Amino acid sequence: MSAGTNMASERTLFGHPMGLYVLFFTEMWERFSYYGMRALLVLYISSTVGDGGLGWTKASALELYGWYTMLVYVMSIPGGIIADKFLGQKKSVLYGAIILVAGHGILAIEQIWAFYSGLALIIFGVGMLKPNISTMVGGLYKPGDLRRDKGFTIFYIGINIGAFLSALIVGYVGEVYGWHYGFGLAGIGMLFGLLVYVRGQKYLENVGNFLGNSTNEEEKAAMKKPLTKIEKDRTIVLLISFLIIIVFWGAFEQAGGLLNIYANEKIDRVIFGWEMPATWFQSFNAAFIIIFGTIVAGFWARRKLKGKETSTLLKMGIGTIIMGLGFLLMVGASSQAGAMEFGTASFWWLTGAYLLHTIGELCASPTALSFITKLAPLKYASIMMGVYFAATGFGNKLAGSIGEASQSEPIEISFVADQSELEPFNRADTLVAQDNSFAIRSTIYLEDGELVAIGYDNTQPVDQLFELDKPEKLAEVKKELKERNATEKNPCHATFKFEKDGEAKKVKENLGDGKNYGGKFIIEEVQNEKEYKIFMFIFLLTLVFGLLVILLLKKLKKLTHGAEDNEGTVNEEVEGFELADN
């Protein structure tokens, strides 16, 4: 970063340095690739092998999702250190983009080694690119420049244009044409981002350079001197603010995990006879940001003009509370779905939740990046941005753990029927004849202490078609049904899902023999209760943390030593407020 950028001689567009738009489009395509892949990841992992997925349980898929999204952002710490100590931000972003192109490209290969290798490369690539490109945006503006927050929100809009397009395009291609086609398309998007960055280097000459090679005496001195009392206090505020970041993203990132699965299984997605792909919900947040970004920014701008409190810390607290209210809507969705047998919730519950999540994000997130560039000491600029993204990563891991806790452990079963026993289940019979996967919805209850499963659609016995792989699981199921007083008149419900073993499916002479099928089921009522409790827990967690930030606001602001009080002393503008005036 160059703190001494000569803004007067720099080419601008709409009042901002041209470099901002280079970084805007680079980040837009990087987020297109990342969010496109994220929209597919959990669904791909938890889909059956027959449907082209890995066939993992939903809990395992959410666990991997949590680890992966955590590591993506935690790698921002070494990415920031490498930039500050060795390469500078500009080169770090370049190398990160190259690694990302390779990672997304490898994911297009339908091999398990490619899956893990691709994820590893994406983790390293994002770690190099993400903190440094954000720090470069801050480096385009001098200290006290009123345009800084505006620039970060314009940059943030770029992120969400990429996220919006990726969920629609990459999500659709992945769901309809094949998971790996979607992954490959995400790689093409990242390649566009790399090309934009390389072509735009002439607009980034004064930003992102390695300070170890700087000829600016002020910058060289700043790298050597110890931190002042003010810098230490500001660093403390940043570290405390990172705690709310963990909670915020721990809730918000349910979008790619739990809410993604919920949209796929529990939301009525049929609109005028057409069923919307579940991955398209991933675009709602980005679309709402594009629509409401100026409105939320304008609200805070008007508050500031009236002399009211508009600090970043206040925005983070209020944003966390508003985002949490979205999960209160999901409590309503869970109640509606749970009130019906194999029920689904209205499309509008999840839509409303994403809207509130977006309003909360617009309050808390865009200016958080700017906040870091205002408070972080120059010599640790990229490292502190890396710690911020690491906090985001820990929030992602928290999101995965919370999502994992929302899933019932599937009960493993083996298919033991023959074709004649499947005759009442015509659809299943047809699928078995082709060695395809199938599912049977059923009521389940106890009768004389024994498990009974009856087809929900045709009242035919289902329990004769399978046996439990682990006898101890039968005792657990019976105990659960007994505690729920499940009887023939008041049964519980389950969907028995069966899939042909992948290797057995390759033996063509045994086509349709009905053998080598494995299966699993969960009790729907148990799963509904878990989801209800998790949604309520997230709401209460975000409410408490948001209120704590507001209660501690005065003490925390004192430690910033007026870092946000001097805005407007450089490049003072008279047009009121623009896209992201804060």
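Values in this text are rule-based calculations from the coordinates and carry no lab data. The structure displayed is predicted, hence computed values, not measured ones. Every residue, glycine as well, gets a Cβ built from its backbone with ideal geometry; the counts of neighbours run over all protein chains shown.
Summary of computed values
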{"item": "Among 257-268, 462-473, the order from most to least packed when residues are scored by Cβ within 10 Å on average", "result": "257-268, 462-473"}
{"item": "Ranked 507, 237, criterion: other C-beta atoms within 10 Å, fewest first", "result": "507, 237"}
{"item": "Simple Cβ-charge dipole of the chain, Lys/Arg +1 and Asp/Glu -1, about Cα centre, in debye nearest 20", "result": "3100 debye"}
{"item": "For the range 45-178, alpha-carbon Rg relative to the globular expectation (2.2 N^0.38 Å, N residues)", "result": "1.24"}
{"item": "Point-to-point label distance, residue 414-residue 12, nm (Cα→Cβ direction, 7 Å offset)", "result": "7.4 nm"}
{"item": "Sequence of 12, 310 once ranked by neighbouring C-beta atoms within 10 Å, starting from the fewest", "result": "12, 310"}
{"item": "Relative packing of peptides 446-457, 539-550 - highest average C-beta neighbours within 10 Å first", "result": "539-550, 446-457"}
{"item": "Residues whose placed amide H lies under 5 Å from that of residue 493, excluding near-sequence neighbours", "result": "444, 524, 525"}
{"item": "Chain lengthening between residue 240 and residue 472 when straightened (0.36 nm per residue, less Cα-Cα)", "result": "78.8 nm"}
{"item": "Those lysines that a straight Cα-Cα span of less than 21 Å connects to residue 515, excepting residues fewer than 8 apart in one chain", "result": "470, 497, 500, 505, 506"}
{"item": "Under the Karplus curve 6.51 cos²θ - 1.76 cosθ + 1.60, θ = phi - 60°, whole-Hz ³J(HN,Hα) for the range 489-504, x wherever Gly or Pro sits", "result": "7, 9, x, 8, 9, 8, 10, 8, 10, 10, 9, 5, 4, x, 5, 5"}
{"item": "Backbone HN-Hα couplings from phi across the range 399-415 [Karplus 6.51/-1.76/1.60, Hz, Gly and Pro as x]", "result": "4, x, 5, 5, x, 4, 5, 7, 9, 6, 6, x, 9, 6, 9, 10, 7"}
{"item": "For the range 411-521, alpha-carbon Rg over 2.2 N^0.38 Å", "result": "1.09"}
{"item": "Residue order, fewest to most surrounding Cβ atoms within 10 angstrom, among 564, 409, 275", "result": "275, 409, 564"}
{"item": "Amide H within-cut-off set for residue 267, under 5 Å, with H built and near neighbours excluded", "result": "345"}
{"item": "In nm, spacing of pseudo-spin labels at residue 265 and residue 510 (7 Å Cα→C-beta vector)", "result": "2.8 nm"}
{"item": "Mean separation of Cα contacts under 8 Å (6+ apart) over length of the range 400-534, as relative contact order %", "result": "38 percent"}
{"item": "For peptides 349-359, 122-132, sequence by mean Cβ density within 10 Å, most packed first", "result": "122-132, 349-359"}
{"item": "Separation between Cα centres of the range 387-402 and the range 113-158, rounded to whole Å", "result": "17 Å"}
{"item": "Other-chain or far-sequence residues with amide H under 5 Å of residue 512's (modelled H)", "result": "435"}
{"item": "For the range 215-370, projected area of the alpha-carbon convex hull averaged over all directions, nm²", "result": "13.5 nm²"}
{"item": "Cα-based Rg and Dmax for the chain, where Dmax is the largest Cα-Cα distance (Å)", "result": "26.4, 87"}
